1. Ser143 to Asn116: FRET efficiency via 1/(1 + (r/R0)^6), r the Cβ-Cβ distance, R0 30 Å, to the nearest 0.05?
2. Under a 5 Å amide H to amide H cut-off, with H placed in plane at 1.01 Å, what residues pair with Ser79 once short-range neighbours are removed?
3. What accessible area, in Å² to the nearest ten, does a 1.4 Å probe give for His121?
4. Hey, what do the phi angles of segment 36-46 turn into as Karplus ³J(HN,Hα) couplings, whole Hz, using 6.51/-1.76/1.60 and θ = phi - 60°, x for Gly and Pro?
5. Calculate the length of the line joining the C-alpha centroid of segment 54-121 to that of segment 9-52, in whole Å.
6. Using heavy-atom solvent-accessible surface (probe 1.4 Å) with all chains present, what is the largest-first order of Thr277, Thr70?
7. Quick check: net charge around Leu151, other residues with Cβ under 11 Å of its Cβ, Lys/Arg +1 and Asp/Glu -1?
8. Counting Lys +1, Arg +1, Asp -1, Glu -1, what net charge surrounds Leu67 among other residues with beta carbon under 13 Å of its beta carbon?
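The values are calculated or read from the model by the stated rules, or taken from the named source; none is laboratory data. On a predicted model such as this, the values are computed, not experimentally measured, just so you know. Quick reminder, even Gly has a Cβ in these numbers, built from the backbone with ideal geometry, and neighbours come from all protein chains shown. Keep in mind that these areas ignore ligands, DNA and RNA; they rest on the heavy atoms of the full protein, side chains included. Shrake-Rupley method; radii C 1.70, N 1.55, O 1.52, S 1.80 Å.
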Amino acid sequence: MYNLLNNLLISVEKQDPAKISKASFPLRYGKYSEIKTSEYEFRFNLNGEIKFIRGLNVNWPHPAEQLKRTDGNDWVYYSVGDKSSEHGIISWLGEYYLPCLPYPSNSIWEVNYLSNPGIMHAFAEWSQLYANLYGVRKDGLHSKAKDLISLILNNDDRVLYERSQKLNAIIGGRVSVLPPDTRHIDYEIIPLMIADGCLYHCKFCCVKTAQQFKARPRADILEQIRQLKTFYGRNLENYNALFLGNHDALEAGDELICLAASEAYKTFGIADKRKFTPLLFLFGSVTSLLKSEHRLFEQLNHLPFYTYINIGFESINKPTLEFIGKPVDESKVLEAFQKMIDVNAAYTNIEITGNFLMGETLLPKHYQSLAELLRNAPVSSNGKGAIYLSPIKDSPKKRELLPQFYEIQNQSQIPVYIYLIQRL
Ligand code: SF4
């Protein structure tokens, strides 16, 4: 640790546990650099890009809360909510923190951190720190501290924005939604697109594209992997998870999924650095899950990843499916739900989770049928599987949905959480 002028304490490289654990205070993981002033703590990734800011002063809302900059260059505020007990955020999100997003989403609880001067002051302090680093006299400084300062100065706000655009350009568009299961690793994934579009183009959906489903050519996937390796650079070692996009990667089939996962595993050096099983995430649909054969699951099960597949069920009530404009028969949804349970029981390294909708405008029958389904679902012997309830984005009064959520959660044999739609 080096002490600079203006009371800046610099730690060139620190190591927190690589595995992200569910803890109420504070959320810490990976290898990073840190600069502390008397009032703020700034954390940088291994490329010198600002990643976390946490207030240490009395105006900061809570010592466990912090701002996080995503790879998409969004500043997300991590709130601990207003109850710290098991009735707090953990009871409906499965995590101790609620990521408060700077863009419209489906959050059940809106925290407008942008209007909180105590939080917004952190951005002014970040600009001030940058200016101070610019003016720091480097003679006499240890070479490691000098290198870190240069690295940070190379990553001003314009560069950070351009890097997020570069990431989108490599994968061919922004990831508009991450699977809910990525909450287990604080949404820290490397994205790799193996397909575009989706099969249904449901009316209610706020993340869809206009494209018809189309798998990417092998050469495109391999080129993305090559470019992503360069893009992430040294910070690659802080990632332990891969997201195969986009909205229905399962439909791309075993060959492309396994090619993408295996090549990424090799090229990103995941095997060399991680002491625990890396995670693979993808979305699937009712159709692609029903179509997937034993061979596909066998292959996935033998990948060096633990794989989460998240399926959009939305409802098992026919009028609700019609109302939300999802062109799938309720019998198919039920069949896919049963297949989820069977796959979770049969394959050690695969976990399928499912999403259903919530919202004021949905029919009572939707909730009755969902509660019945979850009440009668078999209890998993291996603890696998989860159901996510996703508030419809334009539904007003989302927090008022919580009592209904708890009612379903209390009846369910499968763990139930709220799905927060988050982009990369
Ligand atoms: S819910 Fe899924 S399948 Fe339906 S439009 Fe959205 S992305 Fe496509």
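1. The formula returns an efficiency of 0.15 here.
2. It is Leu98, Cys100, by chain and number.
3. Probe radius 1.4 Å; accessible area of His121 about 80 Å².
4. Once θ is set to phi - 60°, the couplings for segment 36-46 become 10, 9, 5, 10, 9, 10, 10, 10, 10, 7, 6 Hz.
5. Cα centres, segment 54-121 to segment 9-52: 17 Å.
6. Sorted descending by solvent-accessible area, the residues read Thr277, Thr70.
7. Residues close to Leu151 contribute a combined charge of +1.
8. +1
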